[in-house]
1. Look at residue 303 and say whether it is at pLDDT below 90 and over 27 Å from residue 88 (Cβ atoms).
2. Answer with yes or no whether residue 173 is in contact (Cβ under 8 Å) with a residue 24 or more places away in the chain and either over 25 Å from residue 323 (Cβ atoms) or out of contact with any helix residue (DSSP H, G or I) (no Cβ under 7 Å at 6 or more places or on another chain) (or both).
3. Across the range 56-71, which residue is farthest from residue 251 (Cα to Cα) among those that are assigned to a loop (DSSP other than H, G, I, E, B) and touching a strand residue (DSSP E or B) at 6+ places or on another chain (Cβ under 9 Å)?
4. When residues of the range 181-210 are filtered for being more than 14 Å from residue 116 (Cα to Cα) and in contact with a helix residue (DSSP H, G or I) (Cβ under 9 Å, 6 or more places away or on another chain), how many remain?
5. Among the listed residues 106, 51, which satisfies the condition of being surrounded by 17 or more Cβ atoms within 10 Å (Cβ to Cβ), at pLDDT 95 or above and assigned to a helix (DSSP H, G or I)?
6. Would you mind telling me which numbered condition in (1) buried (at least 18 other Cβ atoms within 10 Å of the Cβ); (2) in contact with a helix residue (DSSP H, G or I) (Cβ under 6 Å, 6 or more places away or on another chain) residue 113 fails?
7. Every residue in the range 315-334 that is in a loop (DSSP other than H, G, I, E, B) and under 18 Å from residue 119 (Cα atoms), please.
8. When the range 35-48 is examined, which residues are found to be touching a helix residue (DSSP H, G or I) at 6+ places or on another chain (Cβ under 9 Å) and in a strand (DSSP E or B)?
């Protein structure tokens, strides 16, 4: 066991908060180990540390640099030889429940309440192990191009995931974000056909971000949409860059971007209200955001923030593991097809825990 994972085990045993994470394409794990069990929150986004924000509400949990020990460690990609076979079975009741939710969402779109809504569900699975030192290397090996993390706070719980979606990157005043939507299984090629429904969904996301950044940033540049791979899935992606007007703009830009249409819908408030009224469960940190706030802990540079949308994630509890999966619903969505999209997405985490 490495020094970093030994530190994880000791910290967990003492019920102290910590986060370990590895950035896309990096061979380094960074750990922030908080020295007390206090729940720190960020309000102004001028603080420095690692932030974990929920889908809804303003309790943005912070592991602050000033109350943490920082450890970084290089790693070699582990070879995973004991991957189990993931069951293709699904719960018929869960399928029916989710399809009824999608029907409601499509009806609300046709009624003119919103153009798009992202609906999700929670699935409980048993795991062979819940040890961080076993699960985290599997994330590293399976998702080298995602942001991999394990976040623990005794008063919040343990969350782990491998998210492909950058929410926001700020380097000095230069801002980078992405518009991401559409999903299909990767089957050996990125040269795939996208349906009009998926192209339209992605265009909504791009337009939303550009329209809302105008008051807080300038010099916007966007790429053409392209197909991007994340693990066993493909998405349509557009890169967006701009320049923040000033340091205080970070909070406003985050409030604009979060929750993005890719995890909530469009218009945002109407879609969020529909989700909160109809999903019948608390998303908690699923589809929130997380990452480095005002510091690059690898280089030590300040004024750098690196934040990701919390997708492809799970909450690890004593009795079982909760997986969170969702999909974008538009006027052309077919309920059964949308259920199987969430089912395919669930395999991302199931192959880590089985």
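1. On the way: at pLDDT below 90: yes; over 27 Å from residue 88 (Cβ atoms): yes.
Answer is yes for this residue.
2. It is true that residue 173 is in contact (Cβ under 8 Å) with a residue 24 or more places away in the chain and either over 25 Å from residue 323 (Cβ atoms) or out of contact with any helix residue (DSSP H, G or I) (no Cβ under 7 Å at 6 or more places or on another chain) (or both).
3. Step by step, filter the range 56-71, then rank; the result is 59.
4. 5
5. Going through 106, 51 in turn, the sole match is 106.
6. Just one mismatch for residue 113, condition (1).
7. Of the residues in the range 315-334, the ones in a loop (DSSP other than H, G, I, E, B) are 317-320, 330-334.
Answer for the range 315-334, where residues must be in a loop (DSSP other than H, G, I, E, B) and under 18 Å from residue 119 (Cα atoms): 330, 331, 332, 333, 334.
8. Within the range 35-48, 40 is the sole residue that qualifies.
The values are calculated or read from the model by the stated rules, or taken from the named source; none is laboratory data. Please read these numbers as outputs of a predicted model, since none were measured by experiment. Methodologically, a virtual Cβ is constructed for each residue, glycine included, from the backbone with ideal geometry; neighbour enumeration extends over all protein chains shown.
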